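The values are calculated or read from the model by the stated rules, or taken from the named source; none is laboratory data. These figures come from a predicted structure and were not determined experimentally. Counting neighbours? That spans all protein chains shown, and the Cβs are built from the backbone with ideal geometry, glycine included. Please note that ligands, DNA and RNA were not included when accessible areas were found on the heavy atoms of the full protein model with its side chains. Shrake-Rupley method; radii C 1.70, N 1.55, O 1.52, S 1.80 Å.
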Amino acid sequence: MTTTKTLCFAIAALSSYAALIYRLCQVRRSWRDNAYRALVITLLLQCVTFTMGVVAMGGDRFLGVGNLAILLMHLSAVAVCVTAQIILLHWSTADEEAIRKTRYWLVTGIAVTALLIALFFIADGPGRPASDFNTGSGQPLILTYLLVFITSQAVPCVTIFRQCRPYARMTDKASLRQALRLLSVAAVVLFLYCTARTVNILTAAAGIDIGAWTVLASLFSAAGIAILSVSLTISSWGDSAAKLLNWAHSYRSYRALYPLWRDLYESSPDIVLDPPGAAVSDASDLNYRLHRRVIEIRDGWRDLRPYIDRTADGGAADTGASEEFRQAFAEAAQIRQALHAKRTGTLPDDTEDAGDFHDRDTDNFTAEVAWLTKVASAYRKLDSAR
């Protein structure tokens, strides 16, 4: 269990440091933006929280004061919640309202910070064993300190979740919408962390041993911090990542269509506008090449219409497969039969000169590529089964 908790702590810490480094790389062009400054401060405080956690695990004293690293870790966590709320205000509200509500959260954060510092020293925090700040050990003042800290984490989670949903629906910017949705997910997971941590504290104070269930708090904390780190950075890299994923999907489709396109090209060379090639030579023209490949497959299919035997089916298809999958096999079988018939000059008895891929919306290019990819996959399987 100790290993699991250490691993969770490492995941949360590394995601925080990575997010901070990534955002600091944008400092020259973004530093004048208030939202950016708040974001960097939030990530910096997040890193301070985990740095103090490492210091606390390494010894009981920091700067000569017992358990000071634990206090600083908790105060940093409070500041993270406050600055995360401020970031959300800058993302989702008008400047004047954001400034007014920012003051409210700053005052609240200062008040909670002062209360925690007071409780820490009144409860003789420097003289307590460090384990008391994990469980409370039944000490009323330490329990109060811990519950105040947990409440300071839970309340912003609730307010952030309540605000993110409507604002995510209102914004027209896709990257901001993704950031708000992820932030709401992070708020839920971190609220579950607060709940699990509260259960751990109260059961320990009551003398109840819940065993391995105590690790849930660490799991929720690691997951929540990782999601929070992503949500605070995705607005700057989300669009680029989406473009990269779209390019990778297009490239896979382009390559998957090659066997079908190749045989149609060999049967009807006139369908090809550009010199043929199995791979993309220039990544920048992938979209054009994919469009050309789809068009050329269509043209090659139409050239085969006099040779298509509508009685050919996809006998190689799994009988338990979906209707669309069986239809793809049937289409692939008809193409294979028609190519053979054209090579041998044999016209089938049951032909349909107006034949085409049936019931397909050719105006929807994405759907068209997805369907042709299924047909190409079936065609490749039929070829390998020969």
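Identify all residues within the range 206-222 that are open to solvent by 40 Å² or more (accessible area, probe 1.4 Å) and part of a helix (DSSP H, G or I); write none if there are none. Working first, answer last.
The first filter runs over the range 206-222 and keeps only residues open to solvent by 40 Å² or more (accessible area, probe 1.4 Å), leaving 206-210, 212-213, 216, 219-220.
Ala212, Trp213, Leu216, Leu219, Phe220 - these are the residues of the range 206-222 that are open to solvent by 40 Å² or more (accessible area, probe 1.4 Å) and part of a helix (DSSP H, G or I).
Check whether at least one residue in the range 134-152 is free of Cβ contacts under 8 Å to residues at least 60 places away in the same chain, outside any helix (DSSP H, G or I), open to solvent by 60 Å² or more (accessible area, probe 1.4 Å) and out of contact with any strand residue (DSSP E or B) (no Cβ under 8 Å at 6 or more places or on another chain), and report yes or no.
yes
Looking at the range 239-273, which of its residues are among the aliphatic types (A, V, I, L, M) and open to solvent by 80 Å² or more (accessible area, probe 1.4 Å)? Don't jump to the end; show me each part of the working.
Keep residues of the range 239-273 that are among the aliphatic types (A, V, I, L, M), which gives 241-242, 244-245, 248, 256-257, 260, 264, 271-273.
Passing the criteria: Leu244, Leu245, Leu273.
Check whether at least one residue in the range 89-96 is farther than 22 Å from Lys5 by Cα and of a type in the set (Phe, Trp, Tyr), and report yes or no. Reasoning before the result, please.
We begin by selecting, within the range 89-96, every residue farther than 22 Å from Lys5 by Cα; these are 89-96.
Applying the additional criterion that residues be of a type in the set (Phe, Trp, Tyr) yields 91.
Within the range 89-96 (the criterion being farther than 22 Å from Lys5 by Cα and of a type in the set (Phe, Trp, Tyr)), the answer is yes, since at least one residue qualifies.
Just checking, which of Asp349, Asp361 is modelled with pLDDT under 70, over 34 Å from the mean Cα position of the chain (by Cα) and open to solvent by 30 Å² or more (accessible area, probe 1.4 Å)? Working first, answer last.
On the way: Asp361 fails: over 34 Å from the mean Cα position of the chain (by Cα).
The unique qualifying residue is Asp349.
Looking at Leu219, Leu176, Leu180, Leu232, can you tell me which residue is closer than 21 Å to Gly53 by Cα, in contact (Cβ under 8 Å) with a residue 60 or more places away in the chain and under 19 Å from the mean Cα position of the chain (by Cα)?
Working: Leu176 fails: closer than 21 Å to Gly53 by Cα; Leu180 fails: closer than 21 Å to Gly53 by Cα; Leu232 fails: closer than 21 Å to Gly53 by Cα.
Residue meeting the stated conditions: Leu219.
Evaluate the range 15-29: report whether one residue or more is β-branched (Val, Ile, Thr) and either at pLDDT 80 or above or touching a Gly at 6+ places or on another chain (Cβ under 9 Å) (or both).
Narrowing the range 15-29 to residues β-branched (Val, Ile, Thr): 21, 27.
Subset that is either at pLDDT 80 or above or touching a Gly at 6+ places or on another chain (Cβ under 9 Å) (or both): 21.
The answer is yes; a qualifying residue exists.
Criterion first (under 31 Å from the mean Cα position of the chain (by Cα), at pLDDT 80 or above and either among the β-branched types (Val, Ile, Thr) or not in a helix (DSSP H, G or I) (or both)) does Ile41 satisfy it?
On the way: under 31 Å from the mean Cα position of the chain (by Cα): yes; at pLDDT 80 or above: yes; either among the β-branched types (Val, Ile, Thr) or not in a helix (DSSP H, G or I) (or both): yes.
Considered against the rule, which asks whether it is under 31 Å from the mean Cα position of the chain (by Cα), at pLDDT 80 or above and either among the β-branched types (Val, Ile, Thr) or not in a helix (DSSP H, G or I) (or both), Ile41 comes out as yes.
Just name the residue that is farthest from Cys47 (Cα to Cα) out of those in the range 226-238 that are among the hydrophobic types (A, V, I, L, M, F, W, C) and open to solvent by 20 Å² or more (accessible area, probe 1.4 Å).
Going residue by residue through the range 226-238, those that are among the hydrophobic types (A, V, I, L, M, F, W, C) are 226-228, 230, 232, 234, 237.
Now restrict to residues that are open to solvent by 20 Å² or more (accessible area, probe 1.4 Å): 226-227, 230, 237.
Values: Ala226: 12, Ile227: 15, Val230: 14, Trp237: 21 Å.
Out of the qualifying residues, it is Trp237.
Restricting to the range 230-240, give me the number of residues that are part of a helix (DSSP H, G or I), in contact with a helix residue (DSSP H, G or I) (Cβ under 8 Å, 6 or more places away or on another chain) and at pLDDT below 85.
Taking the range 230-240 first, the residues part of a helix (DSSP H, G or I) are 230-231, 234-240.
Restricting the remaining residues to those that are in contact with a helix residue (DSSP H, G or I) (Cβ under 8 Å, 6 or more places away or on another chain) gives 230-231, 234-239.
Next, only the ones that are at pLDDT below 85 stay: 231, 234-239.
Of the residues in the range 230-240, 7 are part of a helix (DSSP H, G or I), in contact with a helix residue (DSSP H, G or I) (Cβ under 8 Å, 6 or more places away or on another chain) and at pLDDT below 85.
Hey, could you check the range 115-151 for residues that are among the small types (Gly, Ala, Ser) and over 26 Å from Asp209 (Cβ atoms) and say which is modelled with the lowest pLDDT?
Restricting attention to the range 115-151, the residues satisfying the condition of being among the small types (Gly, Ala, Ser) are 118, 123, 125, 127, 130-131, 136-138.
Of the ones still in play, those that are also over 26 Å from Asp209 (Cβ atoms) are 118, 127.
Working: Ala118: 92, Gly127: 82.
Within the range 115-151, the match that is modelled with the lowest pLDDT is Gly127.
Are there any pairs with C-beta distances below 7 angstrom linking a residue in the range 42-68 that is surrounded by 18 or more Cβ atoms within 10 Å (Cβ to Cβ) to a residue that is among the acidic types (Asp, Glu) and part of a loop (DSSP other than H, G, I, E, B), with the two at least 6 apart or on different chains, and if so which?
Gly66/Asp60; Asn67/Asp60
Taking the stated definitions as given, is Val80 of a type outside the set (Phe, Trp, Tyr), within 16 Å of Val112 (Cβ to Cβ) and either touching a His at 6+ places or on another chain (Cβ under 6 Å) or open to solvent by 10 Å² or more (accessible area, probe 1.4 Å) (or both)? Spell out the reasoning first.
On the way: of a type outside the set (Phe, Trp, Tyr): yes; within 16 Å of Val112 (Cβ to Cβ): yes; either touching a His at 6+ places or on another chain (Cβ under 6 Å) or open to solvent by 10 Å² or more (accessible area, probe 1.4 Å) (or both): yes.
Criteria met by Val80.
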